[in-house]
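Written below as structure tokens is the structure these notes are about.
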Amino acid sequence: MALNIDLTLPLKRELEKAHKAFDDAKAKGETDEAKKMALVCCNILIQLAKSDPNKKTEYIDAAKSYKNYADSGAKPASSAAPANNFEQIRDDQKDLAGYAESLIAKSTVTWKDIGGLDSVKVRIMETIVIAGLQKPVSIKPDKGILLFGPPGTGKTLLAAAAAGSLNATFFNVKVSNVLSKYFGESSKLITSLYETARKKQPSIIFIDEFDSITMSREEESGDASRKVLSTLLSELDGFQDKKSDELLLTLAATNTPWDLDEAILSRFPLRIYIPLPDSRSCEEIIKIQLKGLDITSLNLGKVSEICTRKNYSGRDIQFLCQEALRSMIRVHNPDLYKKSELPFEELKKQTLSIGPMIMEYFETAFERVKSPMTEKDLERFRKWNNEFGL
Ligand SMILES: Nc1ncnc2c1ncn2[C@@H]1O[C@H](COP(=O)(O)OP(=O)(O)OP(=O)(O)O)[C@@H](O)[C@H]1O
Ligand SMILES: [Mg+2]
């Protein structure tokens, strides 16, 4: 399955690091080091330009300004670089906007990539459709939906599918990253994030590890996260957002909903439990994970039944299928490793042999994959769902 991996994301992270090293070196007056880092930034930007043709000009412009700096002798950047790019890159505000932009991930996930979870899918689809349609002003689409449940059940996948299905701008945000990286400025980052998202509508903002935003509230040093939280809450209240004819949907995910407090919960009247898959959903997930393979000799019902009995999540099923696939590959391609001596170009011309998937492959796979979820954990989710869920 094609997942929503934005190939430019690691590069953007590299760039961010290099840029920081560059800034630090400059601040310390270490011109040689700064120049070295400017070249590193330049190279990363060139790679970015190659991998994201849509933003090619922006990247090339930025690369040029770093290159100018690196070539500029000991002159400070302000005089060495063309006024309209380098200085701007260093500008704080731009930095934040740049960081907000770097959180944009490409999503090619579609609803079909998700097994089960039908009612959640429908709810999110409805939200999107309502946002798109012409309607009386009193009808407002949902602004925020909280997805809670055990790890690996499809929360991130749902957000990615929501974005992928309507080709929306998809912001993939981890609270812990925002808090640690921009400590002190994190709340500005949230503002910048929503500004960017508003400009690029339709947008889906996915906030992962949502619980970590409240956890640190109780600590002494929780000032930054308190600010982040209140900024986020006011964004969710959306009084700045007069333009309700477009879609800006915040999906927040957590594995520990009980850590969230009243203020947050009240902004997320829609709290949807994303449980472990039932046996029908397991079947669907297995089919998705084994797409393109012959599964006619497989007793899907039985495999699914074992998956539910073992409290497998979608992620566990993914591992299970990968393990089973390995066995199949080994059976149909003995001595596969010997090909490792071939040049890669040669390998690309050859095809992997595949055969039908059979129960036997799953038997060893089942032994390898263990679910971390106990009945007690699940009971806690169910209880919270009964009390606070949709
Ligand atoms: N309902 C599902 N349908 C198809 N695949 C699924 C489903 N749930 C999970 N998976 C598989 O498991 C992987 C992990 O799922 P995902 O990242 O959405 O879990 P999550 O709920 O966000 O977990 P976490 O709480 O740990 O972040 C997916 O990439 C996918 O391969
Ligand atoms: Mg996730």
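The values are calculated or read from the model by the stated rules, or taken from the named source; none is laboratory data. Since the structure is predicted, the reported quantities are computational estimates derived from the model, not experimental observations. Every residue, glycine among them, receives a Cβ derived from its backbone with ideal geometry; neighbour counts consider all protein chains shown. Heavy atoms of the whole protein, side chains included, go into the accessibility calculation; ligands, DNA and RNA do not. Shrake-Rupley method; radii C 1.70, N 1.55, O 1.52, S 1.80 Å.
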Selection from the stretch 143-163 of residues open to solvent by 20 Å² or more (accessible area, probe 1.4 Å) and either within 13 Å of ligand 1 (Cβ to nearest atom) or in a helix (DSSP H, G or I) (or both) yields P151, T156, L157
Quick test for you: out of L133, L158, L166, pick the one residue that is within 13 Å of ligand 2 (Cβ to nearest atom) and more than 17 Å from V228 (Cβ to Cβ).
L158
If you go through S304, S327, the only one that is under 29 Å from the mean Cα position of the chain (by Cα), part of a helix (DSSP H, G or I) and over 30 Å from F268 (Cα atoms) is S304
Output for the stretch 260-275, where each listed residue is in a loop (DSSP other than H, G, I, E, B), open to solvent by 20 Å² or more (accessible area, probe 1.4 Å) and within 16 Å of ligand 2 (Cβ to nearest atom):
P275
Quick one: K287 ticks every box in (1) open to solvent by 70 Å² or more (accessible area, probe 1.4 Å); (2) farther than 20 Å from A160 by Cβ except a single one, so which number is it?
(2)
Every listed condition ((1) within 14 Å of ligand 1 (Cβ to nearest atom); (2) open to solvent by less than 90 Å² (accessible area, probe 1.4 Å); (3) on the phi < 0 side of the Ramachandran plot) holds for H332 save (1)
Within the stretch 292-311, take every residue that is in contact with a Ser or Thr (Cβ under 8 Å, 6 or more places away or on another chain) and over 18 Å from D113 (Cα atoms) and give me the one that is surrounded by the fewest Cβ atoms within 10 Å (Cβ to Cβ).
G301
State which residue pairs qualify: first residue closer than 20 Å to L158 by Cα and within 16 Å of ligand 1 (Cβ to nearest atom) and inside the stretch 249-269, second residue of a type in the set (G, A, S) and assigned to a helix (DSSP H, G or I) in any location, beta carbons under 6 Å apart, and separation of 6 or more residues or different chains.
L251/A159
Inspect the stretch 174-197 for any residue being open to solvent by less than 20 Å² (accessible area, probe 1.4 Å), closer than 21 Å to K227 by Cβ and within 16 Å of ligand 2 (Cβ to nearest atom) and give the result as yes or no.
yes
Go through the residues of the stretch 212-222 one by one and say whether even a single one is modelled with pLDDT under 90 and within 16 Å of ligand 2 (Cβ to nearest atom).
yes
Of the numbered conditions (1) modelled with pLDDT under 95; (2) among the basic types (K, R); (3) within 16 Å of ligand 1 (Cβ to nearest atom), K243 satisfies every one except a single condition; which is it?
(3)
